[in-house]
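S.K.: The structure that follows is given in the form of structure tokens.
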Ligand SMILES: *Cc1c(COP(=O)(O)O)cnc(C)c1O
């Protein structure tokens, strides 16, 4: 008897490497990346720098580590960085900004996860009198906790100009920058060029087991090598992972467009049902609010029915589409949600 089908919509991180991706990993040319460089990792870094329109790129095991390295590059002890209140940096990185760099994250509340120059302008402080100095602004595109919300190019350029006018850095947490680029119909470098540094992930929509890159200027990235080492991110034959990332750029980029279509299907099936309100998705993340019961209850019932989802608030559930679920599985999952919720 085959095991019961489980449709896992908790995150786009749950994908497993395909046979072809594993083959690319198995055949990767390798070296010691801490000693004299791993050739596959170097190849990936060159490709990323070019793809995102920056001078240099550095491979990291995780996005969290790359974000933290970026904070370290842009700040000094006792300064602050402006972030959105629901951001990954503020909520999902174990207060590392404070613990490692002595940096205060100054949060800006928004209704939709989108920081704009108008919202941020009044938050920048110049260190006069008793105010702390603002070292950087960090934005998240797409914004995960807001439901994969996209910041458009005009807004990003406005933030770039604001950062320039104040002589501070703009970091882009682009764990899902690929999704933003696809949703906007822009090549990724147009978005990435707005950032002083940009972090992108391979372990989300691109379907790799691990890996992120940080891009920026040569000078910054040279310093980042030392910061990465201090965080324990100096990997040896990292080309095993970089090969998967390289493969995913060639083969999995287009599937993200499909992920967005699948999210629309989920939203359409869930729309117009009493007791549930769906937030229309920009990309591959669908948020749903329940009016009549705790989200935790429905999550448990859905798990029993073979559909895994995430709880994102007392009444909020999150569904994420990815290349590990087909259109028909996604439709089936949404019908199951409707049936169980009824
Ligand atoms: C997943 C994610 C990260 C961190 O990536 P890890 O590889 O899990 O450390 C950072 N920012 C955002 C917005 C994310 O979604």
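S.K.: Using the beta-carbon distance between residue 50 and residue 331 and R0 = 56 Å, what value does 1/(1 + (r/R0)^6) give for FRET efficiency, to the nearest 0.05?
M.R.: After rounding to 0.05, the efficiency reads 0.90.
S.K.: Could you calculate the contour length gain from residue 129 to residue 226, that is, 0.36 nm times the residue separation minus the distance between their Cα atoms, to one decimal place in nm?
M.R.: So the extension gain works out to 31.5 nm.
S.K.: Would you work out if segment 53-93 is rounded, prolate or oblate? Take a ≥ b ≥ c from the square roots of the eigenvalues of the alpha-carbon gyration tensor; rounded if a/c is under 1.5, else prolate when a/b is larger than b/c, oblate otherwise.
M.R.: Oblate.
S.K.: Still on this structure, I have one more. Under 37 °C and 0.692 mPa s, how fast does segment 206-342 diffuse according to Stokes-Einstein, given a Kirkwood radius computed over C-alpha pairs? Answer in µm²/s, whole number.
M.R.: So the translational diffusion coefficient is about 189 µm²/s.
S.K.: How would you rank 47-56, 227-236, highest first, on the average number of other Cβ atoms within 10 Å across their residues?
M.R.: Sorting 47-56, 227-236 by mean packing, highest first, produces 47-56, 227-236.
S.K.: Using the Cα atoms of the chain, I'd like the radius of gyration and the largest Cα-Cα distance, Dmax, both in angstrom.
M.R.: Gyration radius and largest Cα-Cα distance of the chain: 20.4, 72 Å.
S.K.: Calculate, in nm to one decimal, what residue 342 and residue 99 gain on full extension: separation in residues at 0.36 nm each, minus their alpha carbon distance.
M.R.: Gain on extension, residue 342 to residue 99, equals 82.9 nm.
S.K.: Where does each of 245, 194 land when they are ranked from fewest to most other beta-carbon atoms within 10 angstrom?
M.R.: Going from sparsest to densest Cβ surroundings: 194, 245.
S.K.: Here is a further query. Between residue 110 and residue 261, what length in nm is gained on full extension when 0.36 nm per residue of separation is reduced by their alpha carbon distance?
M.R.: Using 0.36 nm per residue and subtracting the Cα-Cα distance, I get 51.7 nm.
S.K.: Using only helices, what value at 222 nm comes out for the chain when you add -39,500 (n - 2.57) per DSSP H run of length 4 or more and divide by the total residues, to the nearest 500 deg cm²/dmol?
M.R.: -12000 deg cm²/dmol
S.K.: Turning to a different aspect of this structure: How far is the Cα center of segment 124-140 from the Cα center of segment 5-19, in Å?
M.R.: For segment 124-140 versus segment 5-19, the Cα centre distance is 40 Å.
S.K.: Which shape class, rounded, prolate or oblate, goes with segment 207-252 when its Cα gyration tensor gives a ≥ b ≥ c as root eigenvalues, a/c under 1.5 marks rounded, and past that a/b bigger than b/c marks prolate?
M.R.: Judged from the Cα gyration tensor, segment 207-252 comes out oblate (a/c at least 1.5, b/c at or above a/b).
S.K.: Determine which residues of segment 67-84 fall in the zone a paramagnetic label at residue 217 would reach in this model, i.e. backbone nitrogen under 15 Å from the point 7 Å along Cα→Cβ.
M.R.: Counting only backbone N, you get 73-75.
S.K.: Only counting other Cβ atoms within 10 Å, I'd like 173, 254 sorted with the fewest neighbours first.
M.R.: Listed from fewest to most nearby Cβ atoms, that is 254, 173.
S.K.: Tell me, Kirkwood radius of segment 115-177 from alpha-carbon pair distances, in Å?
M.R.: 12.4
S.K.: What is the Cα centroid distance between segment 295-329 and segment 72-91, reported in whole angstrom?
M.R.: Computed from Cα coordinates, the inter-centre distance equals 31 Å.
S.K.: Another one. At 7 Å along Cα-to-Cβ for each site, give me the label-to-label distance between residue 26 and residue 289 in nm.
M.R.: Rounded to a tenth, the inter-label distance reads 5.0 nm.
S.K.: On to the next question. Quick one: divide the alpha-carbon radius of gyration of segment 260-302 by 2.2 N^0.38 Å and tell me what you get.
M.R.: 1.17
S.K.: Same structure again: With a 10 Å Cβ neighbour count serving as the proxy for reagent exposure, in which order, fewest first, do 14, 120 appear?
M.R.: Exposure proxy ranking, most exposed first: 14, 120.
S.K.: Let me ask something else. Do me a favour and compute the ellipsoid semi-axes for segment 34-147 from its Cα gyration tensor, root of five times each eigenvalue, largest one first, whole Å.
M.R.: 28, 18, 14
A short reminder: the numbers here are calculations on the coordinates, not readings from a lab. Because the structure is predicted, anything quoted here is derived from the model rather than measured. Glycine gets a Cβ as well: all are built from the backbone with ideal geometry, and neighbour counts include every protein chain shown.
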